[in-house]
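> Dropping the structure in here first, questions after.
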Amino acid sequence: MKKQFYTSLIALILLAATASAQARFSSNTENYQFGQIEWKLPVTATFVVTNTGDQPLVLTEVEPDCACTIARWTQSPIAAGAKGTIEVTFDAKALGRFHKSVAIYTNATPNLVRLQLSGEVVREIKDFTRTHPYQIGDIRIDRKELDFPDSHRGEHPSLRIGVANQSAAPYEPVLMHLPTYLKAEASPTVLQQGEKGVITLTLDTERLTDLGLTQASVYLSRFLGDKVGAENELPVSLVLLPDFSGLSETERANAPAIRLSTTEADLSAVLAKKSKARQDIQVTNIGRSALEISKLQVSHPAISVSLKKNLLQPGETTRLRLTVQKKNIDKARRPLRLLLITNDPQQPKVVINIKSSKE
């Protein structure tokens, strides 16, 4: 009787552990508000998806509720802590306010999430405060951080920066201090007063020197002869991943697999009282071959990190210690994150997000 009881208890524990290990879907917004958009001019909403679970997240299908909307999304599995994108392009057929929804099917629980699009279709946009919420001098833009999707060597992803000229003179959109791996093209090349355009920024991954996180800053020129400074800085962030697409099924079955005790480090309570906070995170190889952590990178100068071992045999665990210095938090306009690049084909990138305040 006791043996049967303990067997049942172990089965329940294993079932609970299996249930707790799962992918989790999180979006940067549930309702993308376009504000005013021009009639017969397609616009694109980009939802940034984060896997806040501990298993790979798969976006199996994305279904808009009308033929006027087309969706594109990250097709490969999104590792724990990593991000993907869902791009929804809306081609307005009629004037007036609109409200559309997009059904997202995933392997998470619940497996169906609905994201919303709303705005107003007008013949001519006069108010750029909603469509281009960030102001640099007399110029308005629709994004202030340039985060490229995760890429592999040989790919050329691009992103678009919407620009609106609210100055009293013609304006030429120019990005200064471009790194060699970025190319910018403005259309149109000159914006008249009250006119809007787009800067397309393209990444050449062949020019990146190494795998992992690369960060830089570019600067939007507000007028001819403008200088660079914090007020016109646009941070750039990108991650180059190893390519495991050529692995066989046998190699994947015998591959290493990384597991972290947590991918969310909340140090806000300690930093509210002390100048420094630290947290230890356990890193375990639950796969069938040696796990190598080839890159350990921080996104912010306030973070320091140490790892006892970067090569783990199957079943082996090591300690990763991260430390945050409160006095350095305001030295860069970047989120606090820690990035690991591994040889786990399911999770080549693992991100640890760090919370430093109660806001």
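The values are calculated or read from the model by the stated rules, or taken from the named source; none is laboratory data. Fair warning: this is a prediction, and the values are worked out from it, not measured in the lab. When we count neighbours, we look across all protein chains shown, and the Cβ atoms used for this are built from the backbone with ideal geometry, even at glycine.
> Looking at (1) in contact with a Pro (Cβ under 7 Å, 6 or more places away or on another chain); (2) within 16 Å of GLN55 (Cα to Cα); (3) free of Cβ contacts under 8 Å to residues at least 40 places away in the same chain; (4) not polar (S, T, N, Q), which is the only condition LYS331 fails?
(2)
> How many residues are crowded, with 22+ Cβ neighbours inside 10 Å and in a loop (DSSP other than H, G, I, E, B) when one looks only at region 75-104?
Number satisfying all stated conditions: 4.
> Applying the selection to region 303-351, what residues are among the charged types (D, E, K, R), closer than 17 Å to LYS274 by Cβ and part of a strand (DSSP E or B)?
Hit for region 303-351 is ARG321, nothing else.
> Output the qualifying pairs, or none if there are none: Cβ atoms under 6 angstrom, residues six or more apart or on different chains, first residue in region 158-180 and under 18 Å from VAL218 (Cβ atoms) and assigned by TED's automatic domain parsing to the domain that holds PHE148, second residue among the polar types (S, T, N, Q) and surrounded by 14 or more Cβ atoms within 10 Å (Cβ to Cβ).
Here the result reads SER158/THR202; TYR171/ASN165; VAL174/SER221; MET176/SER221, each pair linking region 158-180 to a residue that is among the polar types (S, T, N, Q) and surrounded by 14 or more Cβ atoms within 10 Å (Cβ to Cβ).
> Anything in region 220-234 that is in contact with a Leu (Cβ under 7 Å, 6 or more places away or on another chain) and not polar (S, T, N, Q)? List them, or say none.
Of everything in region 220-234, those that are in contact with a Leu (Cβ under 7 Å, 6 or more places away or on another chain) and not polar (S, T, N, Q) turn out to be LEU220, LEU234.
> Please specify each residue of region 259-279 satisfying the condition of being assigned to a strand (DSSP E or B) and farther than 17 Å from LYS308 by Cβ.
Across region 259-279, the qualifying residues are GLU264, ALA265, ASP266, LYS276, ALA277.
> Within region 112-126, work out how many residues are part of a loop (DSSP other than H, G, I, E, B) and surrounded by 12 or more Cβ atoms within 10 Å (Cβ to Cβ). First the steps, then the outcome.
So the first thing to find is which residues in region 112-126 are part of a loop (DSSP other than H, G, I, E, B), and the list is 123-126.
Still in the list and also surrounded by 12 or more Cβ atoms within 10 Å (Cβ to Cβ): 125.
Total meeting the criteria: 1.
> Would you mention how many residues in region 127-138 are β-branched (Val, Ile, Thr) and either modelled with pLDDT of 95 or more or surrounded by fewer than 17 Cβ atoms within 10 Å (Cβ to Cβ) (or both)? Give the steps one after another, and end with the answer.
To start, the set of residues in region 127-138 that are β-branched (Val, Ile, Thr) comprises 129, 131, 136.
Cutting the leftovers down to either modelled with pLDDT of 95 or more or surrounded by fewer than 17 Cβ atoms within 10 Å (Cβ to Cβ) (or both) gives us 129, 136.
Selection size over region 127-138: 2.
> Outside the structural domain of SER237 (by TED's automatic domain parsing), of a type in the set (D, E, K, R) and closer than 29 Å to ARG337 by Cβ: which single residue out of LYS100, LYS83 fits that description?
Of the residues listed, the single one that is outside the structural domain of SER237 (by TED's automatic domain parsing), of a type in the set (D, E, K, R) and closer than 29 Å to ARG337 by Cβ is LYS83.
> Filter region 134-164 for residues that are aromatic (Phe, Trp, Tyr) and assigned to a loop (DSSP other than H, G, I, E, B) and give the result.
Keep residues of region 134-164 that are aromatic (Phe, Trp, Tyr), which gives 134, 148.
The one that is aromatic (Phe, Trp, Tyr) and assigned to a loop (DSSP other than H, G, I, E, B): PHE148.
> Any idea which of (1) under 14 Å from ILE139 (Cβ atoms); (2) of a type in the set (A, V, I, L, M, F, W, C); (3) crowded, with 16+ Cβ neighbours inside 10 Å is the one VAL190 doesn't satisfy?
Here VAL190 clears every test but (3).
> Here is a follow-up. What is the one condition in (1) surrounded by 17 or more Cβ atoms within 10 Å (Cβ to Cβ); (2) of a type outside the set (Ser, Thr, Tyr); (3) over 19 Å from GLN347 (Cα atoms) that ARG278 does not satisfy?
(1)
> Can you tell me which residues in region 246-270 are among the polar types (S, T, N, Q) and either touching a Pro at 6+ places or on another chain (Cβ under 6 Å) or without any contact (Cβ under 8 Å) to a residue 60 or more places away in the chain (or both)?
Of everything in region 246-270, those that are among the polar types (S, T, N, Q) and either touching a Pro at 6+ places or on another chain (Cβ under 6 Å) or without any contact (Cβ under 8 Å) to a residue 60 or more places away in the chain (or both) turn out to be SER248, THR250, ASN254, SER261.
> Could you please let me know if LEU220 is within 30 Å of VAL350 (Cβ to Cβ), in the same structural domain as HIS177 (by TED's automatic domain parsing) and buried (at least 19 other Cβ atoms within 10 Å of the Cβ)? Before you say what the answer is, go through the steps one by one.
On the way: within 30 Å of VAL350 (Cβ to Cβ): no; in the same structural domain as HIS177 (by TED's automatic domain parsing): yes; buried (at least 19 other Cβ atoms within 10 Å of the Cβ): yes.
Answer is no for this residue.
> Among the residues of region 196-205, are any crowded, with 19+ Cβ neighbours inside 10 Å, assigned to a loop (DSSP other than H, G, I, E, B) and either in the same structural domain as LEU182 (by TED's automatic domain parsing) or not hydrophobic (A, V, I, L, M, F, W, C) (or both)?
No; the residues of region 196-205 include none that is crowded, with 19+ Cβ neighbours inside 10 Å, assigned to a loop (DSSP other than H, G, I, E, B) and either in the same structural domain as LEU182 (by TED's automatic domain parsing) or not hydrophobic (A, V, I, L, M, F, W, C) (or both).
> Restricted to region 280-302, and to residues that are outside any strand (DSSP E or B) and at pLDDT below 95, which residue is farthest from PRO242 (Cα to Cα)?
ALA302
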